[in-house]
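Scroll down for the structure; my scribbles are underneath it.
The values are calculated or read from the model by the stated rules, or taken from the named source; none is laboratory data. Here the structure is a predicted model, which is why all the values come from computation and not from measurement. Here the Cβ positions follow ideal geometry from the backbone for every residue, glycine too, while neighbour counts run over all protein chains shown. Side chains are part of the model used for accessible areas, which takes the heavy atoms of the whole protein and leaves out ligands, DNA and RNA. Shrake-Rupley method; radii C 1.70, N 1.55, O 1.52, S 1.80 Å.
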Amino acid sequence: MKLKCVIIDDEPVARRLLREYAEDISFLEIVAEAENPLKAQITLDQEPVDLIFLDINMPKLTGLEFLRTSNSLPMVIMTTAYAEHALDGFNLDVLDYLVKPFSFSRFLKGCNKAREYHQLRIGAGKNAEPTENYFFVKYNGRIEKVFYNDLLYVEAALNYVVLHTTSNKMIVYLTIKGIIEDLPATSFIKVHKSFIVNMDKIRSIEGNIIHIGNHEIPISQNCQDDVVKSILKDRILKR
């Protein structure tokens, strides 16, 4: 499986070098090039993209501004001459940060990281029940393992989600729609446009409020009956 890639850089020479590097890597496919993020957005809106090679200093909208203002993006590898922005990049959850001029071997290392992360994400396929009892997310510049049984609930916030686990909170740049597809439907249910809960962790339901430990999670009013029925199905004792 090839990673579909987009190059965003205002310098033609830089775009050409990235394309030549990518053409020598069997698992990469360049589907589009753009001189700024605004033009690249057309491609991102029209077809699936797995990886973006993103410059920082560009007219109209910088690479960092693009990351801050985008709700959902594929994996991103920064390719820039400005080493001082590396911390900003990793805080925005970029997968790797390449400082120009970089060698082919350094480029390959970043691309291998992208492939490994992509393989971890897709697992056995989004539509299949997971065979493992965990999943991986990119968090604080690392790839972290999260066990399904440790995940209490998921909360959407702006362009990221918060994973509330038994031990901590993890802010990751995913969408609520994307993460529900990767969670086992037998244990997790979306109860609100901004919340997914682990049904095994529910302590009680009171009105439109779900209690998980000391946390209170709202249920959407327009689907409260359906949500409660789904949660209680085969879980409530009968006379």
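Listed here are the strands (runs of 3 or more DSSP E) enclosed by the stretch 132-239 that have at least 2 residues being free of Cβ contacts under 8 Å to residues at least 12 places away in the same chain: 142-147, 204-206, 209-212.
For the stretch 17-54, how many residues are of a type in the set (Ser, Thr, Tyr) and either open to solvent by 60 Å² or more (accessible area, probe 1.4 Å) or farther than 24 Å from residue 83 by Cα (or both)?
2
Residues in the stretch 181-202 that are of a type in the set (Asp, Glu) and open to solvent by 50 Å² or more (accessible area, probe 1.4 Å): 2 in all. Of all residues in the stretch 144-153, those satisfying the criterion of being out of contact with any helix residue (DSSP H, G or I) (no Cβ under 6 Å at 6 or more places or on another chain) and not hydroxyl-bearing (Ser, Thr, Tyr) are 144, 145, 146, 147, 149, 150, 151. Which of (1) in a helix (DSSP H, G or I); (2) within 21 Å of the chain's Cα centre (by Cα); (3) surrounded by 14 or more Cβ atoms within 10 Å (Cβ to Cβ); (4) charged (D, E, K, R) does residue 116 not meet, given it meets every other one? So the condition that residue 116 fails would be (3). The condition of being surrounded by fewer than 15 Cβ atoms within 10 Å (Cβ to Cβ) and within 20 Å of residue 99 (Cβ to Cβ) holds for only one of 57, 71, that being 57.
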